[in-house]
Structure formats: C-alpha cells, structure tokens
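So the structure is just underneath, and the comments pick up after that.
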Amino acid sequence: MAAAKNNKSRQDQPTSVVTAGAGFLGSHLVELLLERGHRVVILDNLVTGSADNVAHLAGKRHLRFIHQDVTEFIFLGGSVDYVWHFASPASPIDYLELPIQTLKVGSLGTHKALGLAKHKRARFLLASTSEIYGDPLVHPQSEDYWGNVNPIGPRGCYDEAKRFAEAITMAYHREHGIDTRIVRIFNTYGPRMRLNDGRVVPAFISQALQHRPLTVFGDGSQTRSFCYCSDLIEGIYRLMMSDTNQPVNIGNPREMTVLEFAREIIRVTGSRSRIVFKPLPQDDPKQRKPDITRAKKLLGWEPKVILAAGLEKTIAYFRGKVLD
Ligand code: UDP
C-alpha cells in the first residue's frame, strides 16, 4: 500500500495537513495533533473558520498556516503523511447562504485534497456527516443505511456534496490505492462554535445567557444526539490510525428532543428565558442518533463526556463571547 512508503517520516515526526484547521472542529484536531507530536499545516480560507480559533497556537514551531481556498490547486513542498479534509461550511444557515461554495468545497475541494494525498502518498481522512443519511427512515443510523436525501431541497447542497465527497474518496481508494478513511460526524458541540452560526447549541446558549426566548423550531419533537468535541476528535484520530477504509459513525448516541434540550439549557444556565416556537425549516431531519457499534468494535471508542460536563465548558466559552 502506498502509505507504507512514508513509514520512516511517520515514526520520526509525522506531517499532517488539516483543511479548515481554523474551523471549530479543525482547530481542536490541530491541537490534538500538535500534542501527539505531529507537524501541522493548516489550509483555510477563513470563510467560516476564524484565525482566533488558532491564535493561541501562533508561534508554535511545528505549526504552519496557509491561507488557501482548497478548491484551488494545492501546492505544498515537503513530505505529508496525513491529510485531514475538514473544509466545508457546516451549519444549515451557512450552507443556505453559501450553497455554491458548499458544493464546490465538497466536490472540487475534496478532489484537490485527494490529489494532494495521492501526490504525497499520504493517508487521507474525509470529514463526512450524518447529513448523508438525510431525514433518516432507519433509526438509529448505522453505516450500512444509504439515507433519505432530498437532492433539490435547501440542505441538498451540503448533503449531496458530502455524498459526492464519499464517492470520490472511495474511487481514489479503489482506483489509485489511496489509503482512505471516512468519518460520519453527528451533531457535535463545544468551545469555538460560532455564536451566530445558527446551530442549535450556540443559538440556545446565547439566547439563554441573554435571557431572551429560546427559539425551538417546529414543536421541538425532532431529536438530535450531541457529542462533545474532545470525544469526537479522539474518535477521528483513532479512525485515521486504524486500518479500516469503511465509513465509521462518530457521535454520542444519547438522543433527546430539541424541546428537552432547550429545557436543559435553561436549567444549566439558570436563565429566565422562556421557550417560543418557530416554523420548522424545510427537510429538517425528524430523528438522528448514531449507531456506534462499528466505532466501538474497530476503534475501541465510545464517548466519555456527559452532556452536563460538556455544556459547562461550552457555556463558559459562550459567556465570554456574549459579554464581549
Ligand atoms: N433548532 C431549533 N432552534 C434553533 C436552531 C435549531 O429548534 O434556534 C433545531 C433545528 O430545527 C434542528 C435541531 O435544532 O431540528 C438541530 O439544528 P442544527 O442547526 O444545530 O443542526 P442539524 O442537526 O439540523 O444539522
């Protein structure tokens, strides 16, 4: 396998390229990689990411930041052992606002990132998503479910871009022998989410901290399962270091309704907020919960951070932002 060629540099000090390394998840991954002795190159055009997310790492000897749109040709000197492809708008309001960039980064950007991995004989990991299951008719979702996606709806630009990204990743694996990994990421939360990215965690926490009404969409009976960012990143790291080319779900199987989640946020923030109901966005998945049997079996991974502990850290982060 092509990856074996780089074993020497892997043992010395591996080099990782992280697309969207200044994003929410990318920045947590970059931290973990530096801790585990990697040289890290961040590629980010800062469309939805932010230099603030990695400002505390500035000056680290083994970290390089390159301002780059990954849909353009990626030129990098030196050896690369791992390519972690995270670039994409990832919140429903971001991809509604940036539908073409979302489609381009999932398709052209994944093509370029795979091209880099092929050229460098690096191992490649695609950050895919539970959105490839769409509004799922199978519950909980296991990796062998093919999904229920509306290609022409408002979420189609993200869902189909990620489905294409999985398809081209498998094509590079089969056709070019690239050693690939696919992680399907379920709802994740933690510090460095953007306060105004419209996702339910920053929305509810910022509303609660300001004692404004929490905006529950629909009747709040739709479900989600929230994973704390450090659990997720550990699972993704283990996946990259494993030897499976099959997609693996990483997420927390503790499922709750959005209404229960709103009540929990009010409780833990001690807020005086009430709950208001707003229209449910089109194609909003009614249920979502990962089946993590494969991750447990292949990676020995399962989430450890309970919701109360993860929320405490996330709320502390947002408290600083809301009061800024
Ligand atoms: N949601 C909500 N109020 C908000 C933002 C989101 O009720 O202010 C709901 C949304 O309709 C969805 C769930 O919370 O059912 C999770 O939404 P999010 O945007 O975080 O991501 P999704 O899981 O839909 O990709």
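Of the residues that sit in region 118-158 and are of a type in the set (A, V, I, L, M, F, W, C) and more than 18 Å from ARG224 (Cα to Cα), which one is surrounded by the fewest Cβ atoms within 10 Å (Cβ to Cβ)? Give the derivation first.
Going residue by residue through region 118-158, those that are of a type in the set (A, V, I, L, M, F, W, C) are 122, 124-127, 132, 137-138, 146, 149, 152, 157.
Subset that is more than 18 Å from ARG224 (Cα to Cα): 122, 124-127, 146, 152, 157.
On the way: ALA122: 28, PHE124: 27, LEU125: 26, LEU126: 26, ALA127: 27, TRP146: 10, ILE152: 7, CYS157: 22.
Per the stated criteria, the residue is ILE152.
The residues of region 54-79 that are of a type outside the set (S, T, N, Q), touching a Ser or Thr at 6+ places or on another chain (Cβ under 9 Å) and buried (at least 18 other Cβ atoms within 10 Å of the Cβ), listed by number, are VAL54, LEU57, VAL70, ILE74. Candidates in region 178-194 are the residues that are surrounded by fewer than 22 Cβ atoms within 10 Å (Cβ to Cβ) and closer than 21 Å to ASP284 by Cα; of these, the one that is nearest to the ligand (Cβ to nearest atom) is ASN187.
Going through GLU302, GLU264 one at a time, which residue ends up being within 15 Å of the ligand (Cβ to nearest atom), among the charged types (D, E, K, R) and surrounded by fewer than 18 Cβ atoms within 10 Å (Cβ to Cβ)? Full working, then the answer.
Numbers: GLU302 fails: within 15 Å of the ligand (Cβ to nearest atom).
From the options GLU302, GLU264, the qualifying one is GLU264.
Go through the residues of region 170-177 one by one and say whether even a single one is within 18 Å of the chain's Cα centre (by Cα) and either surrounded by 23 or more Cβ atoms within 10 Å (Cβ to Cβ) or more than 16 Å from the ligand (Cβ to nearest atom) (or both). Lay out the reasoning, then the answer.
First, the residues of region 170-177 that are within 18 Å of the chain's Cα centre (by Cα): none.
So far as region 170-177 goes, no, none of its residues is within 18 Å of the chain's Cα centre (by Cα) and either surrounded by 23 or more Cβ atoms within 10 Å (Cβ to Cβ) or more than 16 Å from the ligand (Cβ to nearest atom) (or both).
Criterion applied to GLY251, GLY270 was being surrounded by fewer than 16 Cβ atoms within 10 Å (Cβ to Cβ) and among the small types (Gly, Ala, Ser), and the one residue passing it is GLY270. Within region 195-221, residues that are within 19 Å of THR257 (Cα to Cα) have Cβ atoms under 7 Å from residues that are near the ligand (Cβ under 10 Å from one of its atoms) and small (Gly, Ala, Ser) in these pairs: GLY198/SER91; ARG199/SER91; PHE204/ALA262; LEU214/ALA262; THR215/ALA203; VAL216/ALA262; GLY220/ALA262, counting only partners at least 6 apart in sequence or on another chain.
The combined condition, being more than 24 Å from HIS139 (Cα to Cα) and touching a residue at least 24 places away in the same chain (Cβ under 8 Å), is fulfilled by ILE178.
Looking at ALA165, ALA208, which one is open to solvent by less than 10 Å² (accessible area, probe 1.4 Å) and away from the ligand (no atom under 16 Å from the Cβ)?
Values: ALA208 fails: away from the ligand (no atom under 16 Å from the Cβ).
Result: ALA165 is the single residue among ALA165, ALA208 that is open to solvent by less than 10 Å² (accessible area, probe 1.4 Å) and away from the ligand (no atom under 16 Å from the Cβ).
State whether one or more residues within region 126-134 are in a helix (DSSP H, G or I), within 18 Å of ARG288 (Cα to Cα), within 13 Å of the ligand (Cβ to nearest atom) and among the charged types (D, E, K, R). Within region 126-134, one or more residues are in a helix (DSSP H, G or I), within 18 Å of ARG288 (Cα to Cα), within 13 Å of the ligand (Cβ to nearest atom) and among the charged types (D, E, K, R). You will find that of SER128, SER91, SER142, the residue that is touching a residue at least 12 places away in the same chain (Cβ under 8 Å) and either touching a Leu at 6+ places or on another chain (Cβ under 8 Å) or under 23 Å from THR15 (Cα atoms) (or both) is SER128 and no other.
The values are calculated or read from the model by the stated rules, or taken from the named source; none is laboratory data. Values in this document were obtained by computation on a predicted structure and should not be read as measured data. Here the Cβ is made from the backbone with ideal geometry for all residues, glycine too, and neighbour counts use every protein chain on show. For the accessible areas, the whole protein counts, side chains as well, though only heavy atoms, and no ligand, DNA or RNA atoms are used. Shrake-Rupley method; radii C 1.70, N 1.55, O 1.52, S 1.80 Å.
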